[in-house]
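Structure record follows, encoded as structure tokens.
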Amino acid sequence: MRIGIDAMALAVPRGYLELADLAEARGVAAGKFVEGLGVRRMAVAAAHEDPVALAANAARRLFARSGRSPSEIGLCVVGTETAVDHSKPIAAYLHGLLGLPERCRVFEAKHACFGGTAGLLGAVDWIAAGALAGSSPRVALVVCTDVARYGIGTPGEPTQGAGAVAMIVSAEPRLVALDLGRSGSFARDVHDFWRPLDRKEALVDGHYSVACYLDALAGAFGAWREPAPSTELARTCYHVPYGKMAKKAHRHRCAIEGREAEADASFEREVAPSLVLPSLVGNVYTGSLYLALASLLDGEARILEGERIGLFSYGSGCTAEFFSGVVVAGAARTVEELALAAPLADRARLTVAEYEAIRRADEAADRAPVGTLVPPGAALAQTISYLGVEDGKRIYSN
Ligand code: CAA
């Protein structure tokens, strides 16, 4: 049985900040953010580009480019750590905005940046358990969506970002067939990164979070490797809060494999292609690993067809999973049809003052009346936007 990722699509906010501009405004050498952290640009979500709107726009693009239709969806899971409601899941909003069938399991998954992976692995189990038996072709929709926010002027500020990655999971995957039953898990109760209920911005113990990530990688990779230590991985995508973290991860893993000496050379070959899109968008939390996968496929699907790749997902708090899959024959043609990177082409560079104004407006956005959020000229006809609140309910354009 083959199960895996059939198609993918991205959505990013229209505005982005050059990290060199942010460095200048904060009195820091640009090299610290651009080379030191490995991020060139970070996406900045305006109030109307909330996690629901980003998720819906990614999923709508997925249907438009993949040939799949909302009527085929039997399971819809949204992974997020920036939910818009303590009770109503983003998946329920998507159900309405996308016109998904009533015969559909719909829910949201949270575990920091791991929520999307929880959704993906849950969807694989759902298919493997026989959910498709006897039904018309039905597939799963998994959407990772987040707006990553740290305090202005904090060390985390240059590692923000925003965006959504939508994926179809099916028994006829056109991109990556996952290695079923081969996965390494890790969990530990740590306080590395968290967001108390009354805050929009995350709190983080930055350097400790890096150590927790690396411990989790060692645990999850070790568990994945145990049954067949000689399994070769042509490429590996790591969770990417910022590009340098993936480099640290790869070095750590090479040390475990006893190939420290070739860590930096193999990073260029095995990891760097997955960091092109993340370096232009920043941290998208639950979607970060899948943005890295999109980057890898966008750049190298043709040479990777038939090759095995590794995937490492980390969620602070913490839990992690190392898993793997094979890029399927024909993936390059599917990637071309999906035009994965196209949403990044139509963006507008923000000044630091504009970014700070967006952050201030964002503070009140969850209570803003309908009609006060969408700036004049925003392309409402083409994108789904958060419009504000009416009778205590969030309203979206469609
Ligand atoms: N030119 C080039 N490089 C420079 C430089 C310059 N002028 N100045 C500094 N650098 C380098 C440093 O040497 C350092 O590189 P190494 O890590 O290789 O040593 C790098 O730039 C960063 O410098 P600092 O460590 O001094 O930076 P910092 O202390 O200000 O903050 C951080 C770094 C802790 C990662 C901070 O950005 C942060 O807290 N980020 C949020 C937390 C995070 O992303 N954690 C990752 C693991 S947890 C996770 O993955 C979940 C998640 O998504 C959040």
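Summary table
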read-out: Residues satisfying the stated conditions in the stretch 319-356, i.e. among the hydrophobic types (A, V, I, L, M, F, W, C) and either part of a loop (DSSP other than H, G, I, E, B) or touching a His at 6+ places or on another chain (Cβ under 9 Å) (or both); value: 320, 328, 329, 339, 340, 341, 345, 350
read-out: The stretch 99-119 residues that are part of a strand (DSSP E or B), paired with ones that are of a type in the set (Phe, Trp, Tyr) and surrounded by 15 or more Cβ atoms within 10 Å (Cβ to Cβ) (beta carbon under 8 Å, 6 or more apart); value: 105/126; 113/285; 113/314
read-out: Residues of the stretch 52-83 classified as in contact with a helix residue (DSSP H, G or I) (Cβ under 6 Å, 6 or more places away or on another chain) and touching a residue at least 60 places away in the same chain (Cβ under 8 Å), total; value: 13
read-out: Checklist (1) loosely packed, with under 15 Cβ neighbours inside 10 Å; (2) within 16 Å of the ligand (Cβ to nearest atom) applied to residue 79, failing item; value: (1)
read-out: Residues (over 22 Å from residue 248 (Cα atoms) and outside any helix (DSSP H, G or I)) located in the stretch 288-318; value: 305, 306, 307
read-out: Members of the stretch 153-207 found to be aliphatic (A, V, I, L, M), away from the ligand (no atom under 16 Å from the Cβ) and over 26 Å from residue 227 (Cα atoms), listed by number; value: 166, 167, 168, 197
read-out: Checklist (1) outside any helix (DSSP H, G or I); (2) out of contact with any strand residue (DSSP E or B) (no Cβ under 8 Å at 6 or more places or on another chain); (3) polar (S, T, N, Q) applied to residue 266, failing item; value: (1)
read-out: Count - residues of the stretch 192-224 that are touching a residue at least 60 places away in the same chain (Cβ under 8 Å), touching a helix residue (DSSP H, G or I) at 6+ places or on another chain (Cβ under 8 Å) and of a type outside the set (A, V, I, L, M); value: 5
read-out: Subset tally (residues that are more than 24 Å from residue 294 (Cβ to Cβ) and either in contact with a strand residue (DSSP E or B) (Cβ under 9 Å, 6 or more places away or on another chain) or not in a loop (DSSP other than H, G, I, E, B) (or both)) for the stretch 1-47; value: 13
read-out: Qualifying residue in the stretch 289-301 (condition: out of contact with any His (no Cβ under 6 Å at 6 or more places or on another chain) and without any contact (Cβ under 8 Å) to a residue 12 or more places away in the chain); value: no
read-out: Of residues in the stretch 209-233 being surrounded by fewer than 15 Cβ atoms within 10 Å (Cβ to Cβ) and more than 22 Å from the chain's Cα centre (by Cα), the one farthest from the ligand (Cβ to nearest atom); value: 230
read-out: Count of residues meeting criterion [among the β-branched types (Val, Ile, Thr) and either within 11 Å of the ligand (Cβ to nearest atom) or free of Cβ contacts under 8 Å to residues at least 40 places away in the same chain (or both)] in the stretch 234-251; value: 1
read-out: Among (1) in contact (Cβ under 8 Å) with a residue 40 or more places away in the chain; (2) in contact with a strand residue (DSSP E or B) (Cβ under 8 Å, 6 or more places away or on another chain); (3) assigned to a helix (DSSP H, G or I) - the single one residue 92 does not satisfy; value: (1)
read-out: Positions within the stretch 257-276 being away from the ligand (no atom under 16 Å from the Cβ) and in contact with a helix residue (DSSP H, G or I) (Cβ under 6 Å, 6 or more places away or on another chain), in sequence order; value: 273, 276
read-out: Meets criteria (part of a strand (DSSP E or B), closer than 21 Å to residue 118 by Cα and not charged (D, E, K, R)) for residue 190; value: no
read-out: Scope the stretch 9-21; condition closer than 14 Å to residue 352 by Cα and more than 12 Å from the ligand (Cβ to nearest atom); matching residues; value: 15, 16, 17, 18, 21
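Laboratory data are not the source of any read-out in this text; all were calculated from the coordinates shown. Remember, predicted model here, so these are calculated numbers, not experimental data. Cβ coordinates were reconstructed from backbone atoms using ideal geometry, including for glycine residues, and neighbour counts include every protein chain displayed.
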